[in-house]
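Novice: I have a structure I would like to understand better, so I am pasting it below and will then ask my questions one at a time.
The values are calculated or read from the model by the stated rules, or taken from the named source; none is laboratory data. For clarity, every value in this text was computed on a predicted model and none was experimentally measured. Cβ sites come from the backbone with ideal geometry, for glycine too, and all protein chains shown count toward neighbours. Surface areas here come from the heavy atoms of the whole protein model, side chains and all, with no ligands, DNA or RNA. Shrake-Rupley method; radii C 1.70, N 1.55, O 1.52, S 1.80 Å.
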Amino acid sequence: MNSSQLKKQHASYLLDLQIEKRIVLAWQVFILFAFFTIWELAGRLSWVDPLLFSYPSKVGNLFLSKLVDGSLMIHTSVTLLETIAGFILGTVLGTLFAAGLWWSRKASRIADPYLVVLNSMPKVALGPIIIVALGPGYLSIIAMGASISVIITTLVVYHAFHTVEPNFVKVIRSFGGNKKQTFVEAILPASFPAIISTLKVNVGLSWVGVIVGEFLVSEKGLGYMIIYGFQVFNFTLVLLSLVMIAIFSSIMYLMVEWIERKLIRN
Amino acid sequence: MSFLHVDSITHAYFTKESAKVAISELTFVIEEGEFISLLGPSGCGKSTILSLIAGLQQPTTGTIKLKNKKITSPNNQVGYMLQQDYLFPWKTIEENCMLGLKLTNQLTVENKERTLGFLDEMGLSDVKKAYPNQLSGGMRQRVALVRTLATQPDLLLLDEPFSALDYQTKLKLENLVASTLKTRKKTALLVTHDIGEAIAMSDRVVLLSKHPGKIARVFEIPKHLRDITPFEVRNSPDFGMHFQTIWEELEAYE
Ligand SMILES: Nc1ncnc2c1ncn2[C@@H]1O[C@H](COP(=O)(O)OP(=O)(O)OP(=O)(O)O)[C@@H](O)[C@H]1O
Ligand SMILES: [Mg+2]
């Protein structure tokens, strides 16, 4: 095969890839569009109870009016800040705990059964206690967002620290490196991929913690909007909150993926 | 006073199930500038001996003295090159080479330049900004050598540095390593499975037997083979004879 033939083959291969990509995108757009159309029709033509399931244009109108009176901004930003704070706190604390456990083998042995218990416990069940301890405000909600991810982060990151290729440690030690240098030069960078993958899980977990926290505290935020809408039987409001949550949790997830690409080469 | 004196060392590994004696009553001496090979069957304790000399572990009994000083912990007079390169994939080639200097707080301009000079000598200056996964096995092994040499150890411990390489690369690297160490007047202890490599590179070959690791025999390589390159040794007329002798001994201890 000569080089011009090869080039042609390559061009057609690239074209195939392009077409494939377009088809996938077309399907995705179609499904989205179909979903909203059917929902709208179902609501308007009363195939389903519009009081319960509402319909997109109604949610859209509510979105606009809430946007204009400023309340949506407030609720969304409160939830978003709480979630980001809980997410960062949970991840950082979990990683610090893991570092502590790595540092002292004995501590990790002693902590082991407690970590198992704490991990299997549904953290949201701690909600009322947290609220009593920290007061019914954003502190409790952030604490709930963090508590739900901190133990699993500790376990996953500790496991990653523990399973770092022992020969990397041997290299450091053979140069006379101490424990701190071992951690900074080998253990931590080798575990970056594991830490990043816990970030992805923690995004989802923090949303759970924060929304449940807002259910319980019932003061502000998207979780509050859901519980309020439920109580006054305004499901348009509930659905609006869900749409906002879907949008912002996806954005957070994309941001974590972006950080992942920045931090990890290949 | 000899350069390195390994004095009747025994080392046992303890696990829950058993206490296993890996090497037993091992004694040998290396003079400054010598190149010694340790040859023996898998599991006879070759890597254990190196990690004891590197100070990564303490022998259960016996002592190891370097220039008359007991080795109790890793020190920068000994450079240890592990069985595989173990370059840090998140560091560039240059950063990998500077690791030892960084860990021992010796990142001076002078030391950095000398290390970059080594890299250049090894034909690696084009890839110093690359990452290890972009390099071939032979290149990675050369980087590992530079990393080990960067802290200017007097004694080099080489644990099967060429075993993962293809034959041609291996022959080339043998020459490169031999000449690099000779010009720098380094003392070296090479662990290998390869009889030919042991003959080609060393002044003496120490044959170990298994269960537990013990010195079975020591072969002196004749002077005329020591002074030529490993590749020339492999092609010399009496290479086959030495190979045969060691092969038969090894067979007897397998
Ligand atoms: N950390 C350890 N714990 C328990 N036993 C060990 C440990 N390291 C090595 N051993 C045992 O000690 C013996 C010697 O091991 P060593 O790694 O020194 O052998 P080797 O000669 O380097 O083998 P190879 O040629 O396969 O690299 C082996 O039988 C091995 O099972
Ligand atoms: Mg070995």
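Novice: Across the residues of A:162-172, average count of Cβ atoms on other protein chains within 10 Å?
Specialist: The shielding value for this peptide is 4.
Novice: With a 1.4 Å probe and every protein chain kept in, tell me what percent of the accessible surface of chain B is carbon plus sulfur.
Specialist: Details: 5760 of 11390 Å².
Here carbon and sulfur together make up 51 percent of the probe-accessible area.
Novice: Which residues belonging to the stretch B:76-98 lose at least 20 Å² of 1.4 Å-probe accessible area when the assembly is complete, relative to their chain isolated?
Specialist: Going by heavy-atom accessible area, the residues of the stretch B:76-98 that drop by at least 20 Å² are B:TYR80, B:LEU82, B:TYR86, B:PHE88, B:TRP90.
Novice: Calculate the dipole size of the stretch A:3-48 relative to its Cα centre from +1 charges on Lys and Arg beta carbons and -1 charges on Asp and Glu beta carbons; express the result in debye to the nearest 20.
Specialist: Details: 5 positive and 3 negative charges, 41 e Å.
My answer is approximately 200 debye.
Novice: Scan chain A and report its longest stretch carrying no chymotrypsin sites (Phe, Trp or Tyr not before Pro) that are both in a DSSP loop and have at most 14 other Cβ atoms within 10 Å.
Specialist: The answer is A:48-232.
Novice: For B:LYS128, go through the lysines and keep the ones whose alpha-carbon is under 30 Å away, minus same-chain ones fewer than eight residues off.
Specialist: A:LYS170, A:LYS179, A:LYS180, A:LYS262, B:LYS91, B:LYS102, B:LYS112, B:LYS170, B:LYS172, B:LYS182, B:LYS185, B:LYS186
Novice: Over the stretch B:121-254, what is the relative contact order in percent, taking alpha-carbon pairs closer than 8 angstrom and at least six residues apart? Intermediate values should be presented prior to the final figure.
Specialist: On the way: 123 pairs, mean separation 26.7, N = 134.
For the stretch B:121-254, the relative contact order is 20 percent.
Novice: What relative contact order, as a whole-number percentage, does chain A give when Cα pairs under 8 Å and 6 or more residues apart are counted?
Specialist: Values: 270 pairs, mean separation 61.5, N = 266.
Reported relative contact order: 23 percent.
Novice: If you take the accessible area of B alone plus A alone and subtract the pair, what total do you get in square angstrom, rounded to 100, with a 1.4 Å probe? Don't skip to the answer; put the middle values down first.
Specialist: Numbers: alone 12320 and 16680 Å², together 27100 Å².
Its buried surface, counting both partners, is about 1900 Å².
Novice: Given +1 on the Cβ of Lys and Arg, -1 on the Cβ of Asp and Glu, and no further charges, what dipole in debye does chain B carry about its Cα centre, rounded to the nearest 20? It would help to have the intermediate numbers written out before the result.
Specialist: Numbers: 29 positive and 30 negative charges, 163 e Å.
My answer is approximately 780 debye.
Novice: Report, in whole Å, the centroid distance computed from the Cα atoms of the stretch A:204-240 and the stretch B:175-216.
Specialist: So the two Cα centres are separated by 72 Å.
Novice: So for the stretch A:106-217, taking the charge dipole from beta-carbon charges (+1 Lys/Arg, -1 Asp/Glu), which of A:VAL124, A:ILE195, A:VAL164 sits furthest toward the positive end?
Specialist: Projecting each Cα onto the dipole axis, the largest value belongs to A:VAL164.
Novice: Another question, then. Determine the share of the stretch A:3-48's accessible area contributed by carbon and sulfur atoms, expressed in whole percent, with a 1.4 angstrom probe.
Specialist: Working: 3100 of 4320 Å².
Using a 1.4 Å probe with all protein chains present, the stretch A:3-48 comes out at 72 percent carbon and sulfur.
Novice: Between B:GLY137, B:ILE93, A:THR37, whose Cα lies farthest towards the positive end of the dipole of the protein assembly as shown when Lys and Arg beta carbons carry +1 and Asp and Glu beta carbons carry -1, centred on the Cα centre?
Specialist: Checking the options against the dipole of the protein assembly as shown, the answer is A:THR37.
Novice: As a check on your grasp of the helix formula, calculate [θ] at 222 nm for chain B: sum -39500 (n - 2.57) over DSSP H runs of n ≥ 4, divide by the residue count, round to the nearest 500. Before the final figure, lay out the partial values.
Specialist: On the way: 9 runs with 95 residues, N = 254.
For chain B, the value works out to -11000 deg cm²/dmol.
Novice: For the stretch B:152-239, with every protein chain kept in place, what is the accessible area per residue (1.4 Å probe, Å²)?
Specialist: Details: 3730 Å² over 88 residues.
Value for the stretch B:152-239: 42 Å² per residue.
Novice: Of the residues B:ASP194, B:ASP85, B:ASP154, which exhibits the maximal mean-square fluctuation in a Gaussian network model of chain B defined by a 10 Å Cα contact cut-off?
Specialist: Checking each option, the largest mean-square fluctuation is seen for B:ASP194.
Novice: What number, in nm² with one decimal, is the all-direction average of the projected area of the convex hull of the alpha-carbon atoms of the protein assembly as shown?
Specialist: On the way: hull surface 145.9 nm².
Reported value for the Cα convex hull: 36.5 nm².
Novice: Here's another thing I want to ask about it. Amide H to amide H under 5 Å from B:THR61: which residues, 5+ apart in sequence or cross-chain, H placed 1.01 Å off N in plane?
Specialist: For B:THR61, the qualifying residues are B:THR10.
Novice: Is the C-alpha gyration tensor of chain A telling us rounded, prolate or oblate? Criteria: a/c under 1.5 is rounded; beyond that, a/b larger than b/c is prolate, otherwise oblate.
Specialist: Values: a/c = 3.01, a/b = 1.19, b/c = 2.52.
The shape class here is oblate.
Novice: Can you spot the aspartates and glutamates whose alpha carbon is less than 19 Å from A:LYS8's alpha carbon? Ignore those fewer than 8 places along the same chain.
Specialist: Here the aspartates and glutamates satisfying the reach criterion relative to A:LYS8 are A:ASP16, A:GLU20.
Novice: Whenever you get a sec, compute what percent of the accessible area on the stretch A:59-263 sits on carbon and sulfur atoms (1.4 Å probe).
Specialist: Working: 7500 of 10250 Å².
Looking at the stretch A:59-263 in its full context, I get 73 percent from C and S.
Novice: Quick one: Karplus J couplings for the stretch A:149-164, per residue in order, coefficients 6.51, -1.76, 1.60, θ = phi - 60°, nearest Hz, x for Gly and Pro?
Specialist: 9, 5, 5, 5, 4, 3, 5, 5, 5, 4, 4, 5, 4, 6, 9, 4
Novice: Here is a further query. Let me know the charge dipole size of the protein assembly as shown about its Cα centre in debye, to the nearest 20, where only the beta-carbon of Lys, Arg (+1) and Asp, Glu (-1) is charged. Please report the intermediate quantities before stating the final value.
Specialist: Working: 49 positive and 43 negative charges, 162 e Å.
Magnitude of the dipole: close to 780 debye.
Novice: Another question, then. If you count, for every residue in A:175-182, the Cβ atoms of partner chains within 10 Å of its Cβ, what is the mean? Walk me through the numbers before you get to the answer.
Specialist: Numbers: counts 16, 10, 6, 1, 0, 0, 4, 1.
Across the residues of A:175-182, the mean count of other-chain Cβ atoms within 10 Å is 5.
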